[in-house]
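Peer 1: I'd like to ask you about the structure that follows.
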Amino acid sequence: MEEKVTSHIIKGLVLGIISVFISVVVHTFNLYENPYVSSVSYGVFMIGIIYSTILFANQNGNKVGFGNIFAHGFKTSAVVIVITVFYTVLAVKLIFPEFIDITLNISRKRIETSPNVPKDAVQKNLDFMREYFLPFAIGMTVIILGFFGLISSLIGAAVAKKNTNPFENQA
């Protein structure tokens, strides 16, 4: 009996739900300023992508090449990115509208402690951040998760066992 291959969409949905859960926990317990929280979130994402690529290779009897494994991992990453962007828009606009103020207060503390920033520029920077918060959050989500998805897919494709001969004619 042939083993069924789990779709990249299903794996992405699971990882996306885990990502949203971590975000809700961060908001609920006010862990915004803890530097390790984002590391945990990105670590879970990367381990999930690597595991999904290895599982994909195993479910195909390890008869898939590097490119197919990488593509599966990157497609899984893309599903997670879509879910995370959708959640980010919902969270900022509907679920946690105070998130913008919390983020701006954290930014204010960081900017005010910087010796290179003039005092009159602080409010201008914060006003700019407030105005473009959502596009910036979406863009950073896509860039950061896309980068980590790329790296994770490459790692997963490299470590996954492959029983293929690249010199064999596969007509």
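Peer 1: Using the reciprocal of the averaged 1/r over all distinct C-alpha pairs, how large is the Kirkwood radius of the range 85-130 in Å?
Peer 2: Evaluated on the range 85-130, it is 11.6 Å.
Peer 1: Moving on to the next point. To the nearest 10 square angstrom, what accessible area does residue 70 show with a 1.4 Å probe?
Peer 2: Accessible surface of residue 70 is approximately 50 Å².
Peer 1: On C-alpha positions alone, give me the angle between the axis of helix 133-159 and the longest principal axis of the chain, in degrees, nearest 10.
Peer 2: Result, in degrees: 30.
Peer 1: In whole percent, what relative contact order does the range 27-165 give with Cα contacts below 8 Å and a gap of six or more residues?
Peer 2: 49 percent
Peer 1: Expressed in nm², what is the orientationally averaged projection area of the convex hull enclosing the Cα positions of the chain?
Peer 2: If you wrap the Cα atoms of the chain in a convex hull and average its projections, you get 13.2 nm².
Peer 1: Hey, another quick one. Too long at a 20 Å Cα-Cα cut-off: which of 4/162; 11/93; 93/119?
Peer 2: From the list (4/162; 11/93; 93/119), the Cα-Cα distance tops 20 Å for 11/93; 93/119.
Peer 1: If you roll a 1.4 Å probe over the chain with all protein chains in place, what percent of the accessible area is carbon or sulfur?
Peer 2: Exposed carbon and sulfur together represent 67 percent of the surface.
Peer 1: Also, I was wondering about something else. What 222 nm value per residue comes from the helices of the chain, counting each DSSP H run with n ≥ 4 as -39,500 (n - 2.57) and dividing by all residues, nearest 500 deg cm²/dmol?
Peer 2: That calculation yields -25500 deg cm²/dmol at 222 nm.
Peer 1: Let me ask something else. For the range 1-92, what is the Kirkwood hydrodynamic radius in Å, using each pair of distinct C-alpha atoms?
Peer 2: 14.2 Å
Peer 1: Hey, another quick one. Quick one: ranking 40, 92 by accessible area, 1.4 Å probe, largest first, what do you get?
Peer 2: Reading off the accessible areas and sorting them downward yields 40, 92.
Peer 1: Compute and list, largest first, the equivalent-ellipsoid semi-axes of the range 1-48 from the alpha carbon gyration tensor, each √(5λ) rounded to a whole angstrom.
Peer 2: 29, 11, 6
Peer 1: Also, I was wondering about something else. Could I have the simple spin-label model distance between residue 37 and residue 105, label points 7 Å from Cα toward Cβ, reported in nm to one decimal?
Peer 2: In this crude label model, residue 37 to residue 105 measures out at 1.3 nm.
Peer 1: Still on this structure, I have one more. Report residue 31's accessible area, 1.4 Å probe, all protein chains in place, as a number in Å² to the nearest 10.
Peer 2: 60 Å²
Peer 1: Additional query: Residue by residue, what Karplus-based ³J(HN,Hα) values in Hz, rounded to whole numbers, does the range 62-79 have, using 6.51, -1.76 and 1.60 with θ = phi - 60° and x for Gly and Pro?
Peer 2: For the range 62-79, the Karplus curve yields 6, 9, 10, x, 3, x, 5, 5, 4, 4, 4, x, 6, 5, 4, 4, 4, 5 Hz.
Peer 1: Shifting gears a bit: Probe 1.4 Å, all protein chains in place: accessible area of residue 8 in Å², nearest 10?
Peer 2: 50 Å²
The values are calculated or read from the model by the stated rules, or taken from the named source; none is laboratory data. Everything quoted here is computed from the prediction, not taken from an experiment. Because the Cβ atoms are built from the backbone with ideal geometry, glycine has one as well, and the counts that use them run over all protein chains shown. The protein model used for the area step is the full one, side chains on, heavy atoms only, and it has no ligands, DNA or RNA in it. Shrake-Rupley method; radii C 1.70, N 1.55, O 1.52, S 1.80 Å.
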